[in-house]
Each structure stands twice: as structure tokens, then as C-alpha cells.
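The values are calculated or read from the model by the stated rules, or taken from the named source; none is laboratory data. All values derive from a computational prediction rather than experimental measurement. A quick note on method: Cβ atoms are made from the backbone with ideal geometry, for glycine too, and the neighbour counts reach across all protein chains shown.
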Amino acid sequence: MLDTLKRSIIPIAAALIGIAALASGAVLLALFCLAVVLLGVYDRMQTHWTITRNYPVAGRIRWLFYKLRPYLRAYIVEDDLHGTPFPFEARNLVHARARGETDTQPFGTERDPDDEEYHWIGHSIAPEPEPETDPRVMVGGSQCTKPYSASLLNISAMSFGALSANAVKALNLGALKGNFYHDTGEGGLSDHHLEHGGDLVWELGSGYFGARDRDGHFDPERFRDGAGRDAVKMTEIKLSQGAKPGHGGLLPAAKVTEEIARIRNVPAHKDCLSPRGHSAFSTPVEMLEFAARMRELSGGKPVGLKLCIGLPHEPFAIVKAMLETGIHPDFIVVDGGEGGTGAAPLELSDWVGMPLSEGLVLMRNALVGAGLKGEIRLAASGKVYSGMGLARNIAQGADWCNAARAFMFSIGCIQAQRCHLGTCPTGVTTQNPARQRGLIPEVQGERAARFHAKTLEALSEIIASVGLKHPRELEAHHLMHRAGPEKAVAMDRVHTFLPEGILLDAPEETLYADWWKAARADSFRPAIDLVSARARARPEIPTTG
């Protein structure tokens, strides 16, 4: 009886408020007051929320402000530079470029040049008159028969399921129009990825979605069928991602529609789990053998690895496995710990995973130090949204960059941070058809392409100012970093950049000596006691020189 009464009160109160809206004067006031009284009775009787039980009706004001918090913070409280995860300046820049509006800045920078985190590109008195306007990089080493010419800015991994169908269509249309690639994320190849024919990188995570058998193991025949499609230009093994490294993932049952279940080859309306680790391999050697198998099954297309750097000896273990087996992936994507996701445990997002700058340099040093960088391209992802972000990463060793949230902004995302609830107001991260309605792929696809073109144009302007023709000529000494109130140093003094082959010839002369010694090709576990190794190796080894 009590439950029935409680369930009836809110609809009655809503009806009274509706009637009050059509009434006038005393009748309106009486109906409104009656509705408030009924709501107060319900709040007093319910048992789920302590605040509204103790403070009927009034307690809902707190709830209202809590629900509006992201919008109030974004549009009223935050200044241009200090919002999180992306400040207003970043979101506004992407939106302006995507819409074709002016992206120039009047009256000078709002940044503080005296800030100890301030960094800048050193320009030349003799700028380059004709820099590359559409710089690209060829991906595919000597073991690849179908190399791919990649743009320097591409769409990072985001799955259908995490994104809506319309968002996936818009991004892929943007990739087609802008001549860059679209990473599928680990959710599998969907019809929406393939509808417009934009270039794709098919990512396989630990769930092997779209290429799995009924037990969740890798199915080579399913993979061959998908990887053989013309739109799929490269394939990628996801080892971890920056926002939740070592966590796997979960698509809740409410988002596992019949369509998503078919694409992923999982049961519909049940939680869809990505395990923490892969079942197809467990050692560095086995991982490379699996990558070689993927390359063969795809018909010789480039295959790569994607990971967030964690324990410093592990990149060296991968490198040692390459040296032992002779198998080389064609590219490696380093995802920074500042990367994003639709949902992750707060502690993993905040505290697990090496930031992009440090992780990128460590992976670069592992490849260069072992003499392998000529065979393997290196990409960077993690909060990239501007020409300066591209330039910074390239100067530190990246051949190109991937961006996820920036491209979400370009197709309408407003950082409402409702990705995990299915209530995204812009239709980007929801499976609700009514909410998706506002996102028109033909309109937003154009905006994604325009953002891409304008960002590469900004990179070209930076490259020209340095006196270079192609971004690949950027080096760490071009990037300056403030090291104190009266001191600035080049980035090659902030990080250690190893010379070619030194890990093979004289590893003991490097700051990575103990990490190199700990690495082993037959296991991701260290070969020596890392407690004593860390004590000898100095705590700054993974990040500074």
C-alpha cells in the first residue's frame, strides 16, 4: 500500500503542476502549493535519499545544482585556461575550427610566460617560405607488403557502443573528406564504420570483438574476413589505454543492443566484458608472433601495438623480443596516462599510467637505443587538440598523433561528462535514438574534416616559423621549457634522448642500464630484483636526464 502511494504521488504532483500552468490567479497558486505538498509527503516517506527524507522538497535544490554542476562550471565558474579535463580555450578552439569560424587571438596570449610549466617553440630568423601543407608519414616496415600513407593527425580509438551510430558515421565521413584515418576502437568493425569508406585502423583488444569465437578467443577466420576489407588500412593490438591501463573494460547491459551484440559477437542485453589481459599471448615473444600472424591474415597490411607505458622495463622487454625473433610491428601508439574514456575508475584515471611526454620519450629511447626506429613508426595520443600539441609530440619522437576527445568536440561534444550514463545531450556517446537525432553525420563530418585541416595548417605555420619544411625535421632542441623563474632549457635537457644503437653497444653507459638488464624477451616479468635496481637507477630515470 505504501509503495503504491509513493509511486502515485509524483505523477499526481506533475499533473497538478501541469493543470496549474493552464490556470490563473488563486487557482494556479493553490494547485502549485498542493503539488509541492504532495512532493514533500513523498520525500518524507521515501527511504532511498537521506537529504530529501530529512528536508523534503528543499533537499532537491541540492540535487538540481548537482545535476547542473558541469554546465554551471563550464559556462560560469571556469576561466579560459584552467577548466578540466579540457579548458574552455581548448574546446572553443576546436569548435571554432570545426565550424569554419575565426581561430585568431586578439590582444595577446592569456598564458603566463613566467609560469614554471610554460613551454614554447624556438623560431628562426629565416622562416621556411613553403612548408609542407599536407605532411604525411609512410607506415610499414620491411615485413609489410601494403604500407599506408598516414596523416599526421588521425582519430584515436573509440568504439561503436561507446559512441553512437551517428557519431561513428560523422567521424568516418570526416576521415574520408580529410584523408586521414579513423581508429575503430576495440568494439569491432560496424556497418557505421564502413558506410562512408573512410580509412580505418581496426583495433583488437582483449575481447577480440568482431574476431572472436563463442568462448571469447581470437578467431583467425573472422579476423581475415574483416581485415581484408578495402577500408581497413592497418590493424592494431590494444595492450592498454591511458585512461584505465590494465583494467579491461565493461559495456553495461543497457548499452548492449541487438546490433552491438551482433557486431561484437556477444550476447545481447548482457554486460560485455573486455578482460584485463589477452588470451592469445602472455609473453613479449608470443605477442610479436601474434602480431606477425595478424599481418599475414590481413594480406600484409601494417600491424601495430597500442599501450600506455607503465613499468619502465616492459618497453625494453618488447624491444628485446624484436631483436630475438626478428619480428617487427610496423608502428607503436603510445597512449598517455592523461587519455580519456567514457568511464573509468577515478583512481586509474588519476594515478595509473605514465603521462604522454614521459612515456613517448621512453618508448622512443627503447627503439632508437636498440637500432629499430627505422623499421617502426611511433605515434602519440593523449589530450592532443592543437598544432602546438602535434609539434610538441613530434619533437619528442612521434611520427604522428591521434586524438579522440578533440574529434568528439569537432562533431558537437560539449564536455557534459555524461558519456557513461547514456544521457549525452549532443548524441555523441548515447544509444538513445532521440538524443542521437540532433547529430547529423553529413554536417558534423564536414566539421571533423575542417578541424583536421585547420589544425594541420596551424602545425604548418609553426614548422615554417622554425625554418623547417616538414614536421619530421623537428627535434627536441626546438622545444623550450621553463625550468625555473630565471632559467629555460631545451627539451633535450629535460628528457634524455638516447643515440642510435647505444642499448646494444653500451647499455651500462645509459640511465636505463638497470631497466634494460631487467627486461627479458620471454616474459613481461623482470629478470632482476627491481627493488634494488630502482635504488641504483635513480628515481628520475623514466622521465628526466
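Within segment 99-142, can you find the residues that are of a type in the set (A, V, I, L, M, F, W, C) and surrounded by 10 or more Cβ atoms within 10 Å (Cβ to Cβ)?
W120, I121, V137, M138, V139
Out of R525, R493, which single residue is in a loop (DSSP other than H, G, I, E, B) and either at pLDDT below 95 or farther than 13 Å from A366 by Cα (or both)?
Exactly one of R525, R493 is in a loop (DSSP other than H, G, I, E, B) and either at pLDDT below 95 or farther than 13 Å from A366 by Cα (or both), namely R525.
Please tell me if M408 is surrounded by 22 or more Cβ atoms within 10 Å (Cβ to Cβ), part of a loop (DSSP other than H, G, I, E, B) and in contact (Cβ under 8 Å) with a residue 60 or more places away in the chain.
The answer is no for M408.
Please state which of the following conditions D43 fails to meet, knowing it meets all the rest: (1) of a type outside the set (F, W, Y); (2) within 31 Å of the chain's Cα centre (by Cα); (3) crowded, with 16+ Cβ neighbours inside 10 Å.
Condition (2) is where D43 drops out.
Checking H481 against (1) assigned to a strand (DSSP E or B); (2) of a type outside the set (A, V, I, L, M); (3) at pLDDT 95 or above, which test does it fail?
Here H481 meets the rest and fails (3).
Taking segment 436-476, which residues are basic (K, R) and without any contact (Cβ under 8 Å) to a residue 24 or more places away in the chain?
R437
Please find, within segment 249-266, the residue that is farthest from A317 (Cα to Cα) out of those that are out of contact with any Gly (no Cβ under 7 Å at 6 or more places or on another chain) and at pLDDT below 90.
Looking at residues that are out of contact with any Gly (no Cβ under 7 Å at 6 or more places or on another chain) and at pLDDT below 90, I get T257.
For T145, work out the one condition from (1) assigned by TED's automatic domain parsing to the domain that holds K238; (2) assigned to a loop (DSSP other than H, G, I, E, B); (3) surrounded by 14 or more Cβ atoms within 10 Å (Cβ to Cβ) it doesn't fulfil.
If we test T145 against (1) assigned by TED's automatic domain parsing to the domain that holds K238; (2) assigned to a loop (DSSP other than H, G, I, E, B); (3) surrounded by 14 or more Cβ atoms within 10 Å (Cβ to Cβ), just (3) comes out false.
Looking at (1) assigned to a helix (DSSP H, G or I); (2) over 20 Å from Q241 (Cα atoms); (3) without any contact (Cβ under 8 Å) to a residue 60 or more places away in the chain, find the lone condition where M388 falls short.
(3) is the only condition that M388 fails.
Kindly provide the set of residues from segment 210-233 that are free of Cβ contacts under 8 Å to residues at least 60 places away in the same chain, touching a strand residue (DSSP E or B) at 6+ places or on another chain (Cβ under 9 Å) and of a type outside the set (K, R), ordered by number.
Result: G210, A211, D219, G226, A231.
The rows are residues; the columns are (1) without any contact (Cβ under 8 Å) to a residue 12 or more places away in the chain; (2) buried (at least 17 other Cβ atoms within 10 Å of the Cβ); (3) in contact with a helix residue (DSSP H, G or I) (Cβ under 7 Å, 6 or more places away or on another chain); (4) not assigned by TED's automatic domain parsing to the domain that holds G326.
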{"site": "H278", "(1), (2), (3), (4)": "no, yes, no, no"}
{"site": "T283", "(1), (2), (3), (4)": "no, no, no, no"}
{"site": "E296", "(1), (2), (3), (4)": "yes, no, no, no"}
{"site": "V303", "(1), (2), (3), (4)": "no, yes, yes, no"}
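So is I309 of a type outside the set (D, E, K, R), touching a residue at least 12 places away in the same chain (Cβ under 8 Å) and within 27 Å of L356 (Cα to Cα) or not?
yes
Given the structure, is E358 acidic (D, E) and free of Cβ contacts under 8 Å to residues at least 24 places away in the same chain?
Answer is no for this residue.
Scan segment 504-522 for residues that are touching a residue at least 40 places away in the same chain (Cβ under 8 Å) and assigned to a loop (DSSP other than H, G, I, E, B) and jot them down.
T510, Y512, A519, A521, D522
What are the residues in segment 179-202 that are outside any loop (DSSP other than H, G, I, E, B) and surrounded by fewer than 24 Cβ atoms within 10 Å (Cβ to Cβ), if any?
Hits for segment 179-202 are D191, H192, L194.
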